[in-house]
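Here is the structure we will look at, set down as structure tokens.
The values are calculated or read from the model by the stated rules, or taken from the named source; none is laboratory data. Because the structure is predicted, anything quoted here is derived from the model rather than measured. Quick reminder, even Gly has a Cβ in these numbers, built from the backbone with ideal geometry, and neighbours come from all protein chains shown.
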Amino acid sequence: MRANPEVLILEDDAETLDELQSHFTRKRFHPLGARSASRALSLLEHNRYSSRPVLAIIDWDLGKAPDRTASSGDVLSRLARELRECPVIVYSQNIDAFNVRSQIQRSHPRALLHDKRDGDASLLERIDRMLDRTVGDLRIHDGTVVVHLPTLEQHHHREAIRLVVHHPDIVTFHSDTATKAVRRFGEWLQSHGSAVRLVSHGNRKYRISVTATEAAEPGIET
Amino acid sequence: MSGGAADGYGVSVSTWLAPRTPVTPTLTEAARGHGPFRSLARLGVEGCFVGATDAPWMLGVRAPDRSRAILVVTIDGELAVAVRDVVPSGMAVVRDARQDDADEIAAACLPWPWMVVGSAVSLTPALSLLLRERPVLTFWLGCAADALPGHARIFERPAALLDAVRRSCAAHVGGMRLAPGSGVELGDGTLLRGATLESLVAAYPGGFALPTRSFRAAAGVLARHDAGWTAVRGGDARMTLAPVPAEQRR
């Protein structure tokens, strides 16, 4: 048995939230949906010991939120402080305005930005590219499994998925259990002769790296 | 403000003001020991923080982090947005600071910021001290602030500054290059850790007007790994990387 990785979604529009949640459910993620920032903070608070979302999708403008006691900036700051390893996509109609971008970056320096005017389909496409990505000879399948393409062997641990989703960024792991899982993933890569290797940066920080020959091959995303 | 493509300042940002983020009472709630930020409240009466409830200390940009950091200190954040656009993904975290919170944000960059970029602000005493004691790449746009170190580079145009940032991120010296996030990667994939070494690689062929003792650890790491390079004082009296003569190598 394995738990599906969680995705935090903060979107004030009920229809768009439903659409995003359905999309992630179809891809076997467990969506944590919220229409207000205070609800999103509450979800993070209540899940802090049991889970850590592998992705957060944050709508910057929460004009339709039923509760405005907190802002999307509060959620971003919380994510930056407590879930730094969780990739965050922030989308807004005003993403071109430098003061909006500056506010977002001050709330979460690593947040990825997306233009809401490109439509929901564009956002979903970008999310899919992040979550169903191929790195060297590894591919994430359905958001829950890392597949070694030459052997079709599978690795199921969510920390392995986190590392692949984050490539080439460094991921900090916050528990001995997670660190052990990452080391097992590194051993698994070696035992399968993968072109991807685990690189330790000390202090529970790791990233994956693709060997130069593999990265040079056309069509392989690194 | 948008720059035309002709001056190379290819940043598309508009000057009109977007709605401000609403100020929330969440921290007030936390100060009373309730609400979602309760776990972040500091110790005080009844185990929680009581007193000032200004939100700025909550900003993610102030969260301590050991990743390579570019601290951008400006009045409005526009330059930070432009710098972020030229930094390759995963290479460094851009921290957007104002003059009044630059010290706190610099202190959150562990062990120190890899690069400080500034424009139209004066240096705080703490930041000035940091730049004079640590090998920090220092790029300044427009009039140089007082107390900048001798190795600071001054740029008249944003395009030139952004190009220098881009070149620093892609620096490549004797098979050494900056690894994503932190550290320096050797040609064989070996990862060397050390903020000083990162600065030396990124500044090459330039250097730092700092005491030799600040570079002993980096020289030691290079010698242990027989990298073929070491830190020496160059002709301009700045510490820089130089190849080790063949007869001195192991």
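Residue A:64 is checked against (1) within 21 Å of residue A:16 (Cβ to Cβ); (2) within 10 Å of another protein chain (Cβ to nearest Cβ); (3) assigned to a loop (DSSP other than H, G, I, E, B) and fails just one. What number does that condition carry? Result: residue A:64 fails condition (2) only. Of the strands (runs of 3 or more DSSP E) lying entirely inside segment B:108-226, those carrying at least 3 residues that are of a type outside the set (Val, Ile, Thr), farther than 14 Å from residue B:68 by Cα and touching a helix residue (DSSP H, G or I) at 6+ places or on another chain (Cβ under 9 Å) are B:137-141. All of (1) in contact with a helix residue (DSSP H, G or I) (Cβ under 9 Å, 6 or more places away or on another chain); (2) facing chain B (nearest Cβ under 7 Å) hold for residue A:42 with one exception: (1).
Residue-wise test of (1) surrounded by fewer than 17 Cβ atoms within 10 Å (Cβ to Cβ); (2) within 12 Å of chain B (Cβ to nearest Cβ); (3) over 17 Å from the mean Cα position of the chain (by Cα).
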position	(1), (2), (3)
A:90	no, yes, no
A:96	no, yes, yes
A:99	no, yes, yes
A:113	no, yes, no
A:121	yes, no, yes
A:127	no, no, no
A:135	no, no, no
A:142	yes, no, no
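Which of (1) modelled with pLDDT under 95; (2) within 21 Å of the chain's Cα centre (by Cα) is the odd one out, the single condition residue B:237 does not satisfy? All conditions pass for residue B:237, except number (2). Filtered by the rule that a residue be at pLDDT 85 or above and crowded, with 18+ Cβ neighbours inside 10 Å, segment A:148-161 gives A:148, A:155, A:157, A:159, A:160, A:161.
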